[in-house]
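Comments concern the structure below.
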């Protein structure tokens, strides 16, 4: 009992720390990727290749003046960002990153807690997320913020339906609501994943689209459309309160990506079994990256790169070597696959943001109700029919 | 542990419920009501009703109350004005409420003197599979009728809320 | 004493219900009255779930489920009515909406 | 075997056309309406082929309709040989008339309505025929009555049509009243309405009970089959479209009474008084209607009275114990009378709606197909030797002679009159000079002519194709009687004489009819006005009933007592409401408080009740 609490506390701490770092660096990745899409270098000044930029941002946000505008509804104004970030982080707690591991004699799951109804829990929590935005918009006592809040609540309610419907199809195939067992049913190789095994291409795409809308990302970022609404619901927020919304958005992105991975892409399951060498993929990747970095370091573009690139290369090589250690392989490999899949979807998020324009509001709602929802329902019906016929 | 859990969330629920009634501003009431619903969801978990707890949050807190908040924001409803009065309500209201509470409590105490104890995990039949099984066998007809009801409600809401028919 | 008596749940349910009734009687804003109804429904749901626990049967949960669905439908229609009322009378005060009198 | 499919196909047609027909094109309406009936016919054929010789009845039980203590009525259907004949007649002739209607109704309004009603009629008629107990039969019985009403009043913008519909409906109520009483009595006597059980228990029942049941059933049959004294509705029913007259008021519905009495044969054999009543009513109706028929000028009226008269023959057949002969005549009559009506419809169609024979004449060359097919039918109905009408009529007359010779002689005279008025109509229509106003009489389209030709063949040869008396030998007792060629010759001679007389009077010497009419003015007026029966009924029944209702029921009972009670209750409610109105403050929160108060009261009441029980 006591060890359970201790382990849980440790896990909470680890996940929280990693998550916060990831949130900060996701921002860096996003800026970098978009910059490269737009053929510019992106953050470059703070640290090598701007690697320390997130740290600088954090310092900036913390030390900024925390301004509370007059005529706001103070309790709700303070409550909203807190609520948004809480709900965003809460859903991470049931997401499993990998199978059981054994550390110092204690067996535990790479997951904070498993619920029988994990999927429902995430749906519930994400449906609560709308309050953060709506209340922020209302409490700010600002018409742009109010409009942003209204838009976002309507948008999130609307897109929650196709999202749920899209989730329901793989659940029918896997026949469980526990995220852990969900992965268990997809074990094996690529062809056991719900995406391929269950022909869930439609619901995967619907899920991603609805996920984009749920997280208020481009092309569905109407609540914060800056050319219409200044900055939407967080117009009146500054400093850490602003950062809370910001982090909530990125945390939600991670949740959606993880959900997509767990529901459709087999979670931490490797694309092909280990006996065919899937275990060496990370080694090859990291070693290759390290070698490329070293080669670039030999003829650097800038003078500084003479030192930074070889350091990065060596780090990559060490990571590659770590993947070869049998002791850590059992938990590091699943983690790698999970993060690789989630990362790929996160990259898609960023990619879309870099390339697509924004919807008009009526198009957005029409798209949800007239196209996405019927598509998801039809797919669900078809899946249900097939499942009923096969079983 | 269970007692602490119950007491904490029961107190939150009661306080939030009082806040629902006491607050003059609808949005404060709405937020308090969400609080009530959230704590009730935890109590449902304690009673082994996992699915109902999730549905409580998704349907009540996540959909119904969002609608409320949405409407309040849309109408920009301010604090209520104390205009007009109900003689009946002010005269009979308080005694009736006290009587109601007293009677209900008396009933509960009288009928459940040696009540069963509730502890976490005491009832595990409230998962989604059990609910689904009951829903699509014993309660199939009510379920279908409810779905028709929802359809009618959607149509009704659309008809009521749309702009003038031109 | 590690177990919570079931009667506590029922008492909590009764308290919440009475608070809902109080809100319905004493508040003047239609929206708040409406929310008081939801509060009452929630209170009733709590007793359903408690009974379900006590009887070790899932049926109570089903009732809660149906109550939720009905509440959702009711909220959709009710809020649409509130919108219409507000559009026509520009007030949400229940005491001013009394044209059925006479 | 899916017997239910037979009636349900037309019902489906009715549903589709009734609900959506307004939006359909005529082609689709046709396809649905005619298709459903033809499919039903095909299904009848398939069923009958599958059932084979049908020595015993085949029945199907679908569900229990009414269950009350020991009494139960099921939705049962059964097929025996009698039913098989009726099924073939109803669906076969029904199909032909539906096809004919495509052409006849092509230019009428309410096209889909017509076909929907026709299909509904088919449904009820088939239920009537297939029913395996009296109550289900009664369902069909009432249903065909309804459809008859709807179709008589098809041209509902014309007063006489709606009046005729009302008349048919109300007169039929009298008959149905008798039928209902008969069923009540049957339930009391036998405890069931199922055919099989009733008939097996009938021999053991007291004769008085059987006589009462038989007479009451006869009242019902007389209403439906237009027998004295309830025949008055049928001539007026010609206000409907001609295919309706052919299908409902000649071939099928009006024969339901004959079918029902024949079906109840087991009851009548043990109730000789009731049986004699059938025979007397039958022969009287046959003679009486034939005399009226001789003086009518409306072509459809002639055939209407002819139908009444021929139905009388059928009753005579059943009444003298020759049920199979009655059914035989029912079938042949269905052929030639349907043909006569359809032919007259074709004439009317050719003359754009003209029905008065005085406005016709000389149409032989203009519409030859109609003319010669109608000639075949006229021969058949006149009992011309070796036509099918001759066979069935002779069977009845021989049986009548066996029973009571005076019936034979009256029947023979009637046969002569029948031949006379039918050929009178035929000659007035097709011979002589054209007297009408329509300038271009045109032959009907092929879709109308094909059914005419088929029916013409059946009128001549149908009696040989379907040897009903032999076929029904297993159900009804065959009467042992010698073939008497002398009697046969006399009967057919009477027919030939009638034809000859008609030829002389209306073709050779056209002046004779007027001379006769003026010399026998009194008699002619009496006959021309149908013996003033309608007027007598009006004075003797309708006026007193209406007057009594107005004075006693309306002014006294309804306005005085019932309205007084209702108004009194209303006034009390109003005054109490006036007091209670004070509670209706229009304030929702007050109401809520009252509701809560009521809740408290309920809980207190529960508590008290609980305290008492503990």
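Values quoted throughout were computed directly from the atomic coordinates according to the rules given, and no laboratory measurement underlies them. None of the values given here were measured: they were computed from a predicted structure. No Cβ is skipped: glycine too gets one built from the backbone with ideal geometry, and neighbour counts run over all protein chains shown.
Details
- Summed over qualifying helices (DSSP H, 4 residues or more, each -39500 (n - 2.57)) and divided by its residue number, chain A shows a 222 nm mean residue ellipticity of -23000 deg cm²/dmol.
- Classified by the C-alpha gyration tensor, the range D:534-613 has a prolate form. Its axis ratio a/c, with a ≥ b ≥ c, is 1.5 or above, and a/b is larger than b/c.
- In chain D, Cα pairs under 8 Å separated by at least six residues give a relative contact order of 11 percent.
- If you take the Cα centroid of the range A:303-325 and the Cα centroid of the range D:89-127, the two points sit 93 Å apart.
- Cα centroid separation, the range D:415-437 to the range D:227-242 (Å): 21
- Residue order for D:369, B:106, D:233, fewest other beta carbons within 10 angstrom first, comes to B:106, D:369, D:233.
- Cβ neighbours within 10 Å from other chains - mean over D:393-402: 0
- As a rough footprinting exposure proxy, the listed residues D:516, A:92, B:58 were ranked by other beta carbons within 10 Å of their own, and the order from fewest upward is D:516, A:92, B:58.
- Residue order, fewest to most surrounding Cβ atoms within 10 angstrom, among A:49, D:98: A:49, D:98
- Peptide B:102-112 shows a mean partner chain C-beta count of 6 within 10 Å per residue C-beta.
- Alpha-carbon Rg with Dmax, taken over the protein assembly as shown, Å: 45.3, 143
- Whole-angstrom gap from the range A:182-199 to the range D:1-61, using each part's C-alpha centre: 53
- Here the mean projected area of the convex hull built on the C-alpha positions of chain D is 38.1 nm².
- Taking every alpha-carbon pair under 8 Å whose residues sit at least 6 apart, chain B reaches a relative contact order of 25 percent.
- Whether the range C:6-91 is rounded, prolate or oblate, judged on the alpha carbon gyration tensor where a/c under 1.5 counts as rounded: oblate
- Mean shadow area of chain A over all directions, Cα convex hull, nm²: 21.7
- Shape metrics for the range D:221-286, restricted to C-alpha atoms - Rg then Dmax, Å: 13.1, 42
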